[in-house]
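Student: Sending over a structure as structure tokens; questions will come in a sec.
Read-outs: derived from the displayed coordinates by stated rules, not from any lab. Since we're looking at a predicted model, the values are computed, not measured. When we count neighbours, we look across all protein chains shown, and the Cβ atoms used for this are built from the backbone with ideal geometry, even at glycine.
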Amino acid sequence: MNNVSSFSSEKITADLYPKKFGTSGRIWTIGLIIICIIGAYAYYRQLRYGLVVTEMRDYVSWGIYISNFVFFVAISLVGSLITAVLRLANVRWSTPLTRIAEIIAVSAIVFASLIIIVDMGRPERFYNLALHPRIQSPIMWDVVVISTYFVISMLLLYLPLLPDLQILNSNKNKNSGFQNRIYKFLGSFWKGTVEQFKIANRSILILCISIIPVAFTIHTVTSWLFATTYRPGWDSTNFGAYFISGAFLVGGGAVLVAMYMFRRHYQLENYITDKHFDRMGKIVVLLALLYLYFNINEYLVPAFKMKKPEEEHLRGLFSGKFALLFWFCILVGMIFPMTILLFKKGRRPYLAFIAGVMVVVGAWFKRYLIVTPTLLHPFLPMQDVPESYKHYFPSWEEWAIAMGSLAGALLIITLFARYFPIIPIHETVLEKNEHKDI
Amino acid sequence: MVMAQGDSTKKPARESIIYLQYHLENNRLPYLKIQTKNKSDNGIVTATNIPVTVYLDTDLSKEAMVGQIATDNTGTAIFGIPPSLASQWKGKSAHTFYAHTDASPAFDAASKEVSVAMARLKLDTVRTDETKSVVATLEKNDGGSWVPIPEVDVKLAVRRYGGNVNIGDDDTYATDSTGKATGEFLLSSLPGNKQGTLELVALVDDNDEVGTLESSMMVPWGTIYEYKSDFGKRSLWSTPRRAPLWLIVMAYGCIISVWSVIIYLITRIIKIKKLGKAVRT
């Protein structure tokens, strides 16, 4: 592996320039599009026949749609972690990861918004939320915060992209006509003057400062959707911190996965190095420990008291019908990846990638466990209701829509990487020059 | 599956039941409360819209038929004794009511009878300097004169929205040899209406001899309660325009401050764009 500081600017530009899909890229993209189409068809059926095509009933009225929503909101927090926190802490090694983190954040927040609309029985009435906002409702707060976070994330993706757009605009012969039109529209005005850089850098700094409280708010408010409801498993003052720590963990895991995939398929070994995996792995260990701490708080303290209404819910998780999933989430979502990443060998790219996959998969099911078992354990006994009300397993339409939304988020990331440099070219060149100067 | 289908073709065993209760409120016109229910393997289920024929004193005699009524959607019917039966009613000290239903797809043929002695329940209060008591007197008609009925449990209570609140520690008070049941009123701080009025209730519930008797009276024994509507107040559960001020200030304060930053940043992008155009020109 070569040191980037020895590379010429031209080589860096050539290495990081957006590339056409290879065979695997095409198969991957077509696969994602097919999953999206199946999801769209399932949603058409839901619109046509109503929410009855789902398995959600009177008790479980939030199924995998809301689990998926919480997952998307969680994963979107990675933008603030990698871009803002590390940038403000003057951590320079994270430069190649900033755009990966930001596009994950943007794609996740887009589908978080969409999946909420999917969960609505009458989506055509969505506009009423804007016409008659009820500021007392945490759902309204969530709508406001998600919109705000989306705009800030877009700005944080766009502003650092401007210098790269100048590079893309200056290599018209390398681009298709479609690409040139996009690049021209987005960044033809960027000339790289001192004044432009000054304004852009200052704006990015302001964004980095602003996005942290907004990111904390977005997931805290999402946690309040649950915690402001008096139910076993949700009635917790700890939920905001618990959700945020979980969000940072899944975001970190997602970055590990994305780093590996981009490094491998775009031959970025010189830019996303073993050192990046090593450092990112250490961050994920820290985040896993933090999330484990909050999990112990969330489950052990109520289990110690074992209040009657909580008992059935907790026993269902620890040793009942949700036990397999619960222990899968604890072990595969936290303990195993943390154990792998604790060791230097475990922080090598492939093992770190495996740990990242574990974190992400565990996190998705963890959201399912936060939403569903609580809804199946109301304070009042379930009496005189059809048997189907007492259980929940998503219908094929719900699975198709949920998987379609995940595929959609991946498709946005894939297409972004196809048309824009997934590692900032200008910043990499700049840092190389700084290294030379030193 | 095949077995289940086979079983489902069998007509489930059913027993149709009529519930018949005699009621008298405030010693006025008596009435019958009739309920129709079907008992099967699935439990007891209300049977609705079932016609019931009622007879007085003689069963199934055309002359004794006093009327026909159908149960409503809750399987209940209230049958008032017609004024035309006043002389027949007053002629005897005890009466028997018979209720019958014919067989129908929804209900089998069934019958039920209930015998009651003509009785009355009087309610009064006794107040001393230190105590307030409620006295209920239960008497029955015996050959034209009223005689006390001892050893009958009477509930003494105050009527509230959701039911009755006992006036003291005991659920019921037994009548003595004079037919009186006396209970001390211990609810000294119970809210009444605007004038502090409470409704006292004496209840003999489904007694074998006299049926269900209930009498009530208003007494100024409650504390004065004036309802103050919270409808117009700002609260978390009110309409959007009535949100608490602190919430409005906090929420809109956060929204305005963050969006001010966003708008400022958008103006910065416009500025960058203008600078770029200036370089071009």
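Student: Taking Rh as the Kirkwood radius computed over C-alpha pairs, what is the Stokes-Einstein D of the protein assembly as shown at 20 °C in a medium of viscosity 1.002 mPa s, expressed in µm² per second?
Tutor: After rounding, the answer is 67 µm²/s.
Student: At 25 °C and a viscosity of 0.890 mPa s, what translational diffusion coefficient does Stokes-Einstein give for the stretch B:12-117, taking Rh as the Kirkwood radius over Cα pairs? Give it in µm²/s as a whole number.
Tutor: The estimated diffusion coefficient comes to 171 µm²/s.
Student: Right, another one. Report the semi-axes of the equivalent ellipsoid for the stretch A:268-426 in whole Å, largest first, where each axis is √(5λ) for an eigenvalue λ of the Cα gyration tensor.
Tutor: The three semi-axes for the stretch A:268-426 are 37, 23, 11 Å.
Student: Residue by residue through the stretch A:303-317, what is 3J(HN,Hα) from phi via Karplus (6.51 cos²θ - 1.76 cosθ + 1.60, θ = phi - 60°)? Round to whole Hz and write x for glycine and proline.
Tutor: Running phi through 6.51 cos²θ - 1.76 cosθ + 1.60 with θ = phi - 60° gives 5, 5, 7, 6, 4, 3, x, 7, 4, 5, 4, 5, 5, x, 7 Hz.
Student: Here's a follow-up. What's the magnitude of the charge dipole for the stretch A:37-178 around its Cα centre, counting Lys and Arg as +1 and Asp and Glu as -1 at the beta-carbon? Answer in Debye, nearest 20.
Tutor: It works out to roughly 300 debye.
Student: Can you sort A:I218, A:I211 from fewest to most other Cβ atoms within 10 Å of each residue's own Cβ?
Tutor: A:I211, A:I218
Student: For the stretch B:119-219, with the dipole built from +1 on Lys and Arg beta-carbon atoms and -1 on Asp and Glu ones, taken about the Cα centre, which of B:T125, B:L138, B:Q195 lies farthest toward the positive end?
Tutor: Toward the positive end, the furthest listed residue is B:Q195.
Student: Let me ask something else about it. Could you line up A:F21, A:F243 from fewest to most neighbouring Cβ atoms inside 10 Å?
Tutor: A:F21, A:F243
Student: Only bridges whose two residues both fall in the protein assembly as shown count here: according to DSSP, what percent of them are antiparallel, nearest 5?
Tutor: Roughly 95 percent of the DSSP beta bridges within the protein assembly as shown come out antiparallel.
Student: Can you give the helix-only mean residue ellipticity at 222 nm for chain A, where every DSSP H stretch with n ≥ 4 adds -39500 (n - 2.57) and the sum goes over all residues, rounded to the nearest 500 deg cm²/dmol?
Tutor: -23000 deg cm²/dmol
Student: Using Cα-Cα distances under 8 Å and only pairs 6 or more residues apart, what relative contact order does chain B have, in percent?
Tutor: That works out to 13 percent.
Student: What does the charge count near B:V158 come to, summing +1 for each Lys or Arg and -1 for each Asp or Glu among other residues with Cβ under 12 Å from its Cβ?
Tutor: Net of charged neighbours comes to +3.
Student: How big is the gap, in Å, between the Cα center of the stretch A:268-317 and the Cα center of the stretch A:113-192?
Tutor: For the stretch A:268-317 versus the stretch A:113-192, the Cα centre distance is 31 Å.
Student: In addition: For the stretch B:119-219, what D do you get in µm² per second when you plug the Kirkwood radius from alpha-carbon pairs into Stokes-Einstein at 25 °C and 0.890 mPa s?
Tutor: 176
Student: Then there's this: Using DSSP to define loop residues, name the trypsin sites (Lys or Arg not before Pro) in the stretch A:1-103 whose beta-carbon has at most 10 other beta-carbon atoms within 10 Å.
Tutor: For trypsin sites (Lys or Arg not before Pro) across the stretch A:1-103 that sit outside H, G, I, E and B with at most 10 neighbouring Cβ atoms in 10 Å, the list reads A:K20.
Student: While we're here: Out of residues 5 or more away from B:I50 or on other chains, whose amide H comes under 5 Å of its own, with H placed 1.01 Å from N in the peptide plane?
Tutor: Correct list: B:T71.
Student: Okay, moving on. Looking at B:A110, B:N73, B:I272, which one has the Cα that reaches farthest to the positive end of the dipole of chain B (charges on Cβ: Lys, Arg +1; Asp, Glu -1)?
Tutor: B:I272
Student: Using the Cα centre of chain B as the reference point, and only Cβ charges (+1 on K/R, -1 on D/E), how large is the resulting charge dipole? Debye, rounded to the nearest 20.
Tutor: So the magnitude is around 3540 debye.
Student: Then there's this: Could you pull out every residue, at least 5 positions away or on a different chain, whose amide H is within less than 5 Å of the one on B:W221? Hs are placed 1.01 Å off N in the peptide plane, and Pro or chain starts have none.
Tutor: B:L198
Student: So which trypsin sites (Lys or Arg not before Pro) in the stretch A:262-293 pass both tests, a DSSP loop state and at most 11 other Cβ atoms within 10 Å of the Cβ?
Tutor: Those that pass, being in a loop and sparsely packed, number zero.
Student: Okay, moving on. For a 26 Å ceiling on Cα separation, which of these pairs sit above it: A:K19/A:K282; A:K19/B:K274; A:K321/A:K366; A:K11/A:K172; B:K33/B:K132; A:K321/A:K344?
Tutor: Violating the 26 Å limit, Cα to Cα: A:K19/A:K282; A:K19/B:K274; B:K33/B:K132; A:K321/A:K344.
Student: Sequence-distant or interchain residues sharing an amide H contact under 5 Å with B:V66, placed H: which?
Tutor: B:V54, B:Y55, B:L56
Student: Now a separate question. Percent relative contact order of the stretch A:1-148, based on C-alpha pairs within less than 8 angstrom and at least six residues apart?
Tutor: Result for the stretch A:1-148 is 20 percent.
Student: Let me ask something additional. Provide the per-residue ³J(HN,Hα) series for the stretch A:13-30, in order, calculated from phi with Karplus coefficients 6.51, -1.76, 1.60 and θ = phi - 60°, each as a whole number of Hz, with x at glycine and proline positions.
Tutor: Couplings: 4, 5, 5, 9, 5, x, 10, 5, 5, x, 4, 5, x, 5, 4, 4, 5, 4 Hz.
Student: What is the average number of partner chain Cβ atoms found within 10 Å of a Cβ in A:130-137?
Tutor: Neighbouring Cβ atoms belonging to other protein chains average 5 per residue here.
Student: Kindly write out, for the stretch B:211-220 in residue order, the coupling ³J(HN,Hα) from the Karplus curve 6.51 cos²θ - 1.76 cosθ + 1.60 (θ = phi - 60°), rounded to whole Hz, with x marking Gly and Pro.
Tutor: So the J values, rounded to whole Hz, are x, 9, 10, 9, 10, 9, 8, 9, 9, x.
Student: Can you put A:F7, A:F69, A:F379 in order of Cβ neighbours within 10 angstrom, beginning with the fewest?
Tutor: Listed from fewest to most nearby Cβ atoms, that is A:F379, A:F7, A:F69.
Student: Moving to a separate point now. Would you work out the charge dipole size for chain A about its Cα centre, treating the Cβ of every Lys and Arg as +1 and the Cβ of every Asp and Glu as -1, and quote it to the nearest 20 debye?
Tutor: Here chain A has a charge dipole of around 1020 debye.
Student: Which one, B:Y19, B:V249, B:A86, is farthest towards the positive end of the dipole of chain B when Lys and Arg carry +1 and Asp and Glu -1 on their Cβ?
Tutor: B:V249
Student: Would you work out if chain B is rounded, prolate or oblate? Take a ≥ b ≥ c from the square roots of the eigenvalues of the alpha-carbon gyration tensor; rounded if a/c is under 1.5, else prolate when a/b is larger than b/c, oblate otherwise.
Tutor: The shape class here is oblate.
Student: Projected area of the stretch A:1-136, taken from the Cα convex hull and averaged over every viewing direction, in nm²?
Tutor: 13.6
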